[in-house]
Amino acid sequence: MDITPATSAAPPPLSGAPAPAEQAKSATRPGDRIFLGLSRGSGILLLVIMAAIAVFLAVRAVNALSHNEGNFFTTFEWSANSTPPVFGIAVLAFGTVVSSLIAMLIAVPVAIGVALFVSHYAPRKLATPLSYVIDLLAAVPSIVYGLWGALFLVPHLGGLYSWLNDYLGWTGIFEYHDGAARSLFTIGILLAIMILPIVTSVSREVFLQTPKMNEEAALALGATRWEVIRMSVLPFGRSGVISASMLGLGRALGETMAVATVLSPSFLIGKSLLDPGGGTFAQNIASSFKESGEIGKDALIASGLVLFVLTLLVNGAARMIIARRKEYTA
């Protein structure tokens, strides 16, 4: 005999009742629809603006490259206003990348240390005002950093340069000859100071999001405070720290006024980082735009297109890193 229990069938919907999707659609308030439209329109507008910028840069760059008599990627010269024009971005690309990497090597370890101190070591009475000061440093204008670098930092780096020459000059990278410290290494130090507040602020907020249960479990097992940070805080915040570093790198790549104020530009790549000279994309655009002719301005725009693409790649890499951790994809 079949003893399988009978399952009750769901009652059929009433013929006049609306479907659940239609009910949800009709229940949407006008304010929600307006907000959805504004949000969607803002996102589309942002994409349109980015596309318009890219098209403008590309059109003007093609005009300049069609008149260029040199190799745009390998020429060590910038004579865009001469006849015929000859210009290349080799020196600018080298200076931009090297100064930004120096800034990252200096700023990121210090920023992580400061963020850990504020979030896990400092007492509340000290951590709160220190956090405010760090956030305020991120709002200081670039020209202020540039003036400070030109009037204070450059005259006081002679001792550091001499020390590097005495102990590391044999490498050739830190060989120093007497002169003003207006080199890519100085620019790297200045950029490190500028991006330090940004990386510190983001890293601090990421470390504060570490689940307290993980930290308390590690303490309950007898871990020291450093072991808690090493086993719980740093693994949790690794993706956030990398994305914060990418954000700082983006600012270092595009910094203009501070670099133009401190650097002594020249289209030469020295074997030592302490040699004066070099240049960056943003510094060259700011310094040369005023006296440039039509082809010269288009050449500067072509170099700006390279910087635009480089910045997009950096931000895209940061988004990919964030997407690897579901805690930050929401």
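The values are calculated or read from the model by the stated rules, or taken from the named source; none is laboratory data. Owing to the predicted nature of the structure, the values given are computational and were not obtained by experimental measurement. Positions of Cβ are generated from backbone atoms using ideal geometry, with glycine treated the same way; all protein chains shown enter the neighbour counts. Just so you know, the surface numbers come from the protein's heavy atoms only, side chains and all, with ligands and any DNA or RNA stripped out. Shrake-Rupley method; radii C 1.70, N 1.55, O 1.52, S 1.80 Å.
Here are a few things to note about the model shown:
- At R0 = 45 Å, FRET efficiency that the Cβ-Cβ distance of residue 105 and residue 53 yields, to 0.05: 0.90
- Classified by the C-alpha gyration tensor, the chain has an oblate form. Its axis ratio a/c, with a ≥ b ≥ c, is 1.5 or above, and a/b does not exceed b/c.
- Residue 321 - accessible surface, heavy atoms, 1.4 Å probe, Å² rounded to 10: 30 Å²
- Taking every alpha-carbon pair under 8 Å whose residues sit at least 6 apart, segment 181-330 reaches a relative contact order of 31 percent.
- Whole-angstrom Cα spans of segment 174-284 along principal axes, big to small: 59, 27, 17
- Simple rule: put +1 on each Lys or Arg Cβ and -1 on each Asp or Glu Cβ in segment 211-330, find the dipole, and look at 315, 304, 231; the Cα lying farthest toward the positive end is 231.
- Surface analysis of the chain yields an accessible area of 58 Å² per residue, using protein heavy atoms and a 1.4 Å probe.
- Rounded accessible area of residue 166 (nearest 10 Å², 1.4 Å probe): 110 Å²
- Taking Cα centre as origin and charging only the Cβ of basic (Lys, Arg, +1) and acidic (Asp, Glu, -1) residues, the dipole magnitude of the chain rounds to 880 debye.
- Per-peptide average of other Cβ atoms within 10 Å, ordering 63-71, 261-269 highest first: 261-269, 63-71
- Across the options 74, 202, 249, the greatest Cα extent toward the positive end of the charge dipole of the chain (unit charges at beta carbon of Lys, Arg, Asp, Glu) belongs to 202.
- Reciprocal mean inverse distance between Cα atoms of segment 230-330 - Kirkwood radius, Å: 16.1 Å
- Percentage relative contact order, the chain, counting C-alpha pairs under 8 Å, at least six apart: 25 percent
- Residue 60 contributes about 80 Å² of solvent-accessible surface, heavy atoms of the protein only, 1.4 Å probe.
- Segment 299-309 - phi-based ³J(HN,Hα) in whole Hz, Karplus 6.51/-1.76/1.60, Gly and Pro as x: 5, 5, 5, 4, 5, x, 5, 4, 5, 4, 5
- Residues considered: 234, 36, 130. Largest GNM mean-square fluctuation over the chain, using C-alpha springs under 10 Å, is found at 36.
- Looking at segment 246-330, the GluC sites (Glu not before Pro) that sit in a DSSP loop and have at most 15 other Cβ atoms within 10 Å of their own Cβ are 291.
- What a 1.4 Å probe finds exposed on segment 194-298 is 62% carbon and sulfur by accessible area, rounded to a whole percent.
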